[in-house]
Amino acid sequence: MKKALIVIGAVLAVLAIVLLSHRHRPYNVLLVSLDTLRPDHLGCYGYADIETPNLDALADDGVVFTDAVSSVPLTLPSHSTILTGLLPITHGVRDNGTFILKDEFTTLAEVFKSEGYQTGAFIGAFVLDSRYGLDQGFDVYNDDLKAEPDIWSFDYPQRVGREVTDAALAWLDTVKEPFFGFVHYYDPHTPYEPPPPFDSLYAGRLYDGEVAYTDYEFGRLLTKLSQLGLKERTIIVVVSDHGEGLGEHKESAHGILIYDSTMHVVFIVWLPENHPLGELGPAHTRIGQTVGLVDVAPTILDLADIEKPGDFDGKSLVPLLEGKSFAPRFYYQETMYPYFAYRWSPLRGVRFSNWKLIVAPEPELYNLEQDPGETQNLYEEDRSRAEELKKNLEMIVSKERHDAGSRAQVSPEERRKLRALGYVAGSSVSLPAGIEPSGPDPKYMIEDIENYFGGGMDAFVRGNFEEARQHFAHMVEIDSTNVQARMLLGRTLVEMGKLKEAAQEFMEATRIDTTHSEGFFRLGIIYREMNELDKAL
């Protein structure tokens with residue numbers, strides 16, 4: 001009898017150890033980024049004219065932050081914030097293509113790797129290529145983007161969602177738990193070319209077609225997790241890095257302005273049922289308080305019960321998930337793209353609850369609850385509120401690190417890739433000091449960019465070089481120090497066989513900006529073709 005009791009006791013002890021270890025088993029984490037996705041073009045955010053069943057189902061069973069905001073409307077800086085929990089003024093990545101996330105900053109992947117997780121990333125576009133530093137901490141950083149180089153072309157193949165999903169699925173077949181996976185879909189970004197049947201289902205609304213297609217690919221990812229029995233042990237977080245203008249405020253794409261059309265983002269959290277917060281009630285499924293992408297990293301680590309590695313600019317949102325009170329916070333926003341690309345004024349702003357201040361040559365103040373479209377500038381009639389917001393913005397920017405960002409050496413080929421993705425890679429000019437704006441106001445210049453840059457590039461791709469020349473020449477006429485306008489005009493003149501005229505434009509571009517390496521590169525090519533080898537050298 002005594003032996004039997006000893007055996008039973010031993011068995012119970014073993015069972016207790018097994019149950020305890022199972023209870024504290026680490027959760028897998030899957031972070032999915034949907035590039036350029038506006039929340040108001042998803043069903044779960046109230047858009048009735050699209051079918052996004054996979055994201056909608058995840059949202060219905062999870063938590064949706066309805067007022068999440070980005071820090072910057074550009075892919076590389078925004079993803080640097082998502083993966084570090086730091087603002088651009090801290091991590092130093094202020095633009096696409098010309099900045100690198102330094103090794104001194106700790107990414108989510110590095111934290112999970114230090115905790116014994118396997119880590120893998122699957123990237124949809126060159127703008128997040130490993131050379132820009134986001135591969136830190138990943139065992140696998142799959143950014144294989146195949147293309148044939150063409151130094152004069154604007155075209156560059158994109159990696160469609162199917163290829164990203166296939167790479168992620170192959171990894172899931174072999175990965176050991178626990179794992180941290182990062183999947184980046186680029187399809188909603190321009191150009192809008194959804195595959196069949198989404199092209200015909202959304203004819204005339206191809207942006208929506210890209211969003212619906214991305215949802216389909218995301219569904220394949222979820223199905224694989226379920227088939228492998230991994231979903232029940234995986235925390236899933238879905239975000240977008242920024243939105244898309246779609247013509248609002250005269251901005252068709254993103255990067256130049258910081259209105260909510262490009263700064264309002266998707267933020268969905270799904271938790272397995274065995275997670276301590278997995279049984280959230282209906283009152284917690286939609287949270288309207290303003291939060292930011294800067295909060296993603298600390299929230300993920302908190303949900304995974306992993307100690308944060310140091311100070312974040314963001315805060316864990318777990319208290320909100322638990323239904324607790326959470327004091328409203330100031331969320332910094334910026335775009336340096338107009339300054340780096342066109343030498344226009346940079347834009348900085350701050351969000352506090354329903355209020356938003358944009359510091360521009362003509363400053364702007366909006367009450368987003370009453371004016372979600374940001375059409376009524378209240379700056380003059382509510383100067384006291386604007387000044388209070390500006391003081392808080394100055395306090396945030398006072399911590400700016402001008403030594404944080406490491407500059408990438410961008411080759412002309414890499415510049416071409418970025419331009420083909422819709423970005424003008426800037427030069428090596430220094431960051432502007434302070435928050436006071438200087439230079440042309442982007443909101444008054446953007447129409448010219450849309451009309452003349454957009455029209456010119458469209459004509460160039462169609463092979464109508466005379467039409468392209470007229471567009472770019474007009475842009476040079478109205479903005480004579482715009483380096484990019486001169487570069488594009490020069491490239492068009494090359495296609496027309498007017499090499500001497502093209503050389504003049506490239507020479508002027510290098511005179512305006514002596515750090516603009518592409519101008520010297522183009523001059524070298526032209527002089528070589530003209531057999532003026534000393535000048536080429």
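The values are calculated or read from the model by the stated rules, or taken from the named source; none is laboratory data. Remember, predicted model here, so these are calculated numbers, not experimental data. Reconstructed Cβ throughout: ideal geometry from the backbone, glycine too, with neighbour counts over all protein chains shown. Areas reflect the complete protein model, heavy atoms only, side chains present, ligands, DNA and RNA absent. Shrake-Rupley method; radii C 1.70, N 1.55, O 1.52, S 1.80 Å.
Some values worked out for this structure:
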read-out	value
Mean ellipticity per residue at 222 nm, deg cm²/dmol - from DSSP H runs of n ≥ 4 across the chain, formula -39500 (n - 2.57)	-11500 deg cm²/dmol
Of the GluC sites (Glu not before Pro) in segment 39-135, those whose Cβ has at most 10 other Cβ within 10 Å and which sit in DSSP loop	Glu104
16 Å reach of a label modelled at Gln227, 7 Å along Cα-to-Cβ, counting backbone N of segment 171-203	171-175
Radius of gyration and maximum dimension Dmax of segment 224-367, Cα, Å	18.0, 55
0 to 90° range, to nearest 10: angle between helix 2-23 axis and the chain longest Cα axis	20 degrees
Trypsin sites (Lys or Arg not before Pro) restricted to segment 312-394 and DSSP loop, no more than 10 other C-beta within 10 Å	Lys324
Percent antiparallel among DSSP beta bridges (both partners in the chain, rounded to 5)	50 percent
Links that overshoot a 21 Å alpha carbon limit, given the list Lys102/Lys399; Lys113/Lys224; Lys176/Lys224; Lys102/Lys443; Lys324/Lys390	Lys113/Lys224; Lys102/Lys443; Lys324/Lys390
Folded to 0 to 90 degrees: helix 465-478 orientation relative to the chain principal axis, Cα	90 degrees
Relative contact order, percent, segment 47-181 [alpha-carbon distance under 8 Å, six or more residues apart]	20 percent
Rel. contact order, % - alpha carbon contacts under 8 angstrom, at least six apart, the chain	18 percent
Assigned charges on the beta-carbon of Lys, Arg, Asp, Glu; the chain dipole about Cα centre (debye)	1620 debye
Probe 1.4 Å, all protein chains present, accessible-area order of Tyr452, Tyr216, largest first	Tyr216, Tyr452
Peptides 159-166, 489-496 ordered by average Cβ neighbours within 10 Å, highest first	489-496, 159-166
Label of the coordinate-derived value, Cα Rg over 2.2 N^0.38 Å, listed as (i) 1.24; (ii) 1.42; (iii) 1.04	(iii)
Length-normalised contact order of segment 204-328 in % [C-alpha pairs under 8 Å, at least 6 apart]	19 percent
Inter-probe distance in nm under a simple model that places probes 7 Å from Cα toward Cβ, at Thr285 and Asp382	3.2 nm
